[in-house]
Structures are given as C-alpha cells and as structure tokens.
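Only the coordinates and a few stated rules stand behind these numbers; no lab work does. Owing to the predicted nature of the structure, the values given are computational and were not obtained by experimental measurement. Ideal geometry is used to build each Cβ from the backbone, glycine not excepted, and the neighbour counts take in all protein chains shown.
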Amino acid sequence: MSLRPDQREIITPEGVPLRLMLAGRSARLGALAVDLACIGAILLGAGLALVYTQAGLGQWAKRGEAHHAAQFLFILWTALMFLLRNAWFLIFELGPRGATPGKRMLGLRIAARDGARLTTEMVLARNLLRDIEIFLPMVAVLSALGGPSSSMVNWAAAGWFLLFALFPLFNRDRLRAGDMIAGTWVVEAPRARLEQALSAHEAPIDYDFGPAELGIYGEYELQTLERVLRENQAPAMEAVARAICAKIGWSAPQGDEVRRFLDAYYTALRARLEQGLRFGRRKADKHDGQKP
C-alpha cells in the first residue's frame with residue numbers, strides 16, 4: 001500500500017517498518033502556543049511572588065539593601081525565565097512520551113527520522129535552535145518597538161522572524177530548522193487505547209516468559225512494541241514477533257497467534273520494567289547493561 005503525502009515510513013533498529021503521520025502545521029503552532037502560555041503563566045506567578053518578596057524586604061531593609069535585593073530578585077527571575085524556557089521542552093521531550101504538554105494536548109510527539117530512539121543531543125539541538133528561530137528575533141522586534149532604533153534594524157528582525165517562522169511551509173516534511181538539524185519529525189500520536197489484554201495486571205496466561213526472555217529489552221523497545229500494537233499493521237507485528245522470538249530462542253507464532261503473543265510479551269515486559277522502577281532499577285533499552 002502506497003504512502004499518503006503526509007505519511008512517512010521509518011525502519012526501526014529491529015528492522016520493523018512503521019508508518020507515521022506528519023503533524024499538521026496548524027497543530028504544531030497550537031501546541032507551541034499552549035506550551036508558551038504554560039511557561040508564561042509560571043513566569044507570571046514567579047514574578048508576582050518575587051514582587052511580593054521585594055515589597056516585604058523593603059519594609060525592613062535599609063534603602064541601599066533594598067535596592068540590592070531588588071537587583072538580585074530581577075537577576076533571579078531572568079535566570080528562571082531562561083532555564084524554564086529551555087528546560088520545559090528538553091525535559092518533556094526526553095520523557096517516555098516524547099512530547100510537551102502542548103503536544104500531548106494536540107495529539108503530537110517527536111520522532112527520530114532514522115527510527116531510532118530520541119537522544120539528548122537531538123532534543124538539545126532542536127530546542128536550542130528555537131532560541132535562534134523564535135525567541136531572539138522576538139526580543140529584537142520588541143526591543144526595537146520599545147526604544148529608538150533604525151527602520152533597517154526593525155525590518156531585519158522582522159525578516160529574521162518570518163524566515164524561520166515560515167520555514168515549515170517550504171519543505172515537504174514540515175520541518176523547522178531545528179528539526180532539520182536534529183534529525184527529527186513532529187508526528188501524530190495515536191490516541192487509541194490499547195486493548196484490556198495489555199493491562200499489566202491481567203496478562204494472558206498461555207505464555208510464560210522468564211527473567212531471561214524479559215531481560216533482553218528495555219523501555220525503548222517497550223514503547224516501540226506499544227506503537228506497533230496501536231498501529232495494528234499485520235506485516236509490522238509479524239516482523240516484531242519474529243525479532244523477539246529470535247532473541248529469546250522461541251519459535252515465531254503464525255496467523256492470529258501473532259497478536260496474542262505480542263499482547264502477552266508486552267504485558268509481561270511492562271510489568272517487569274515497572275517492578276524494576278519501583279526498586280530503583282531502570283533499563284533504558286536493550287543496550288543498557290543494567291538488568292531490570
């Protein structure tokens with residue numbers, strides 16, 4: 001079956017083909033607006049708290065000490081703004097969902113274009129570029145509006161902002177400059193719930209996986225398996241089942257048994273990884289030398 005214009009196919013490191021739907025440009029803009037609104041609300045709350053703190057200090061401190069305290073609080077708020085603006089995207093996109101609250105609300109997530117796991121370097125690259133794409137030209141424009149400046153500076157700042165803001169309109173993969181450098185896509189995240197059989201508390205009883213079979217894979221493989229089950233594409237599920245069975249030394253299932261096998265393995269692997277987390281043990285992926 002041929003791909004739609006807004007679909008892309010990736011091959012995971014396990015050799016599994018997965019089809020992804022590119023996120024719409026309007027959805028990406030909406031997700032960014034939600035994230036910026038959340039960041040703005042936090043900064044506003046922090047700013048009000050600092051103003052209240054400054055007012056309290058001014059009641060008992062000497063004039064000179066109050067001035068220094070005000071300077072310190074302003075520096076503290078500026079540092080908080082910088083850290084929050086960058087940490088917000090970095091922390092959420094490095095999480096298991098690969099999405100900020102804005103992206104989750106709009107049903108989007110980040111994906112590596114080579115099908116591999118998202119790395120810290122990828123997320124850092126795409127988010128540090130956001131400063132150059134959006135925040136720095138915005139600051140330049142606002143500074144030009146708030147003070148004396150030449151019209152050439154105003155036009156240069158506006159052109160800079162529009163160049164990067166409209167960048168996703170001029171490439172077929174709807175990539176930001178940050179996505180292009182980081183090797184990422186923004187794609188739609190399926191909202192469908194997994195079947196009840198995938199509950200970690202109600203595993204099918206016709207498969208018995210031991211520690212050796214479950215200790216091979218980690219969180220990344222669990223997420224890949226969940227994605228395959230959500231997509232429910234027979235060729236992908238058969239390829240994953242064969243790959244798992246080759247790793248654990250089992251015979252590959254056939255026909256309708258493929259789905260039952262994957263449901264059971266997903267359930268057992270998820271339960272084992274969650275148990276490991278409760279005891280402070282984490283296995284990021286199959287290359288992680290620490291056993292769950």
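Say R0 is 30 Å: what FRET efficiency, to the nearest 0.05, do Ser251 and Arg172 get from their beta-carbon distance?
Between Ser251 and Arg172 the formula returns 0.10.
Highest mean first, what order results for 104-113, 39-48, 16-25 on Cβ atoms within 10 Å?
Top of the packing list down: 104-113, 16-25, 39-48.
What net charge do the residues around Leu163 carry, taking every other residue with its C-beta under 13 Å from that of Leu163, with Lys and Arg at +1 and Asp and Glu at -1?
Here the charged neighbours net out to 0.
Give me the one-decimal nm value for the distance between modelled label points at Asn86 and Ile42, 7 Å along each residue's Cα-to-Cβ direction.
Spacing of the two 7 Å Cα→Cβ label points: 1.5 nm.
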